[in-house]
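Readers should treat all values here as calculations from the given coordinates under stated rules, not as data from a laboratory. The structure displayed is predicted, hence computed values, not measured ones. For neighbour counting, all protein chains shown are included, and Cβ atoms are generated from backbone atoms with ideal geometry for every residue, glycine included.
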Amino acid sequence: MSSIAFSSLHLKPAMLKNLASLGYAAMTPIQAHSLPPILASKDLIARAKTGSGKTAAFGIGLLSRLDTTALQLQALVLCPTRELADQVAKELRRLARFTENIRVLTVCGGVPFGPQLGSLEHGAHVVVGTPGRLLDHLRRGSLDLSSLQTLVLDEADRMLDMGFQDDIRSLIAAAPARRQTLLFSATYPDSIADMSAAMQQTPVEVSVDEDH
Ligand code: ADP
Ligand code: MG
């Protein structure tokens, strides 16, 4: 596939400026295939190998939908590990560099609970975290998913391998039924198809094998 510039998408000027400043000129193949349906608010299953630029694919999508005038939690990204959540949050902050006042918070297990309570109370537009700890916060009332617009499952196959399926289902039960759900995975076993059927509405399926 020949390279396609980000400027061919209907992105806000601030986002195009962010992308240019990062040196992202052309979309990677998974971005070129997934961004049009993502920006059209469709549900999506995207399969592409590690290093193909999946974070920016969902990141540009969820950041483009944010209403920054309200400090409400509008996007939740579920990741299998704290290290991956930190990487995703870092990339989201880079993508939001010139967009004013976007608050991205990480909420993961393996770190003290107390400081997370204060951060969540202060509020965020985007939370990136691991399912178990997020469910702890949901159950004690410190996480409110009622204004969620976009839910992302990043590395969904790994989250299933790690046994997060029930935690993910419990989190989703607390999110609005009307939302965009984006599922990213490196592989596509039957368990991913089952998970998609339980949480997505007529998802667009995108699969990329080539290198970028
Ligand atoms: P994945 O989640 O698919 O493993 P990442 O989202 O971590 O991949 O991206 C891999 C690398 O590619 C990152 O260093 C990121 O900054 C870079 N990258 C992403 N999109 C682009 C792009 N359009 N142009 C150039 N580099 C990009
Ligand atoms: Mg990734």
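Odds and ends about this structure:
Let's see how each residue does on (1) surrounded by 21 or more Cβ atoms within 10 Å (Cβ to Cβ); (2) touching a residue at least 40 places away in the same chain (Cβ under 8 Å); (3) within 26 Å of S52 (Cβ to Cβ); (4) away from ligand 2 (no atom under 16 Å from the Cβ):
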residue: G141; (1), (2), (3), (4): no, no, no, yes
residue: D157; (1), (2), (3), (4): no, no, yes, no
residue: D194; (1), (2), (3), (4): no, no, yes, yes
residue: P203; (1), (2), (3), (4): no, yes, yes, yes
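- Qualifying residues in segment 94-116 (those that are under 10 Å from V128 (Cβ atoms) and not hydroxyl-bearing (S, T, Y)) - the one surrounded by the most Cβ atoms within 10 Å (Cβ to Cβ): V107
- Taking the criterion of being in contact with a strand residue (DSSP E or B) (Cβ under 6 Å, 6 or more places away or on another chain) and farther than 16 Å from A174 by Cα, the residues of segment 130-161 that qualify are D154, A156, D157.
- For segment 10-37, the set of residues classified as within 14 Å of ligand 1 (Cβ to nearest atom), crowded, with 18+ Cβ neighbours inside 10 Å and touching a residue at least 40 places away in the same chain (Cβ under 8 Å) consists of L11, M15, N18, L19, T28, P29, I30, H33, S34, listed by residue number.
- Among (1) in contact (Cβ under 8 Å) with a residue 60 or more places away in the chain; (2) in contact with a helix residue (DSSP H, G or I) (Cβ under 6 Å, 6 or more places away or on another chain); (3) buried (at least 19 other Cβ atoms within 10 Å of the Cβ); (4) not basic (K, R), the one test that Q180 misses: (2)
- Selection status of V208, over 25 Å from V104 (Cβ atoms), within 16 Å of ligand 2 (Cβ to nearest atom) and buried (at least 19 other Cβ atoms within 10 Å of the Cβ): yes
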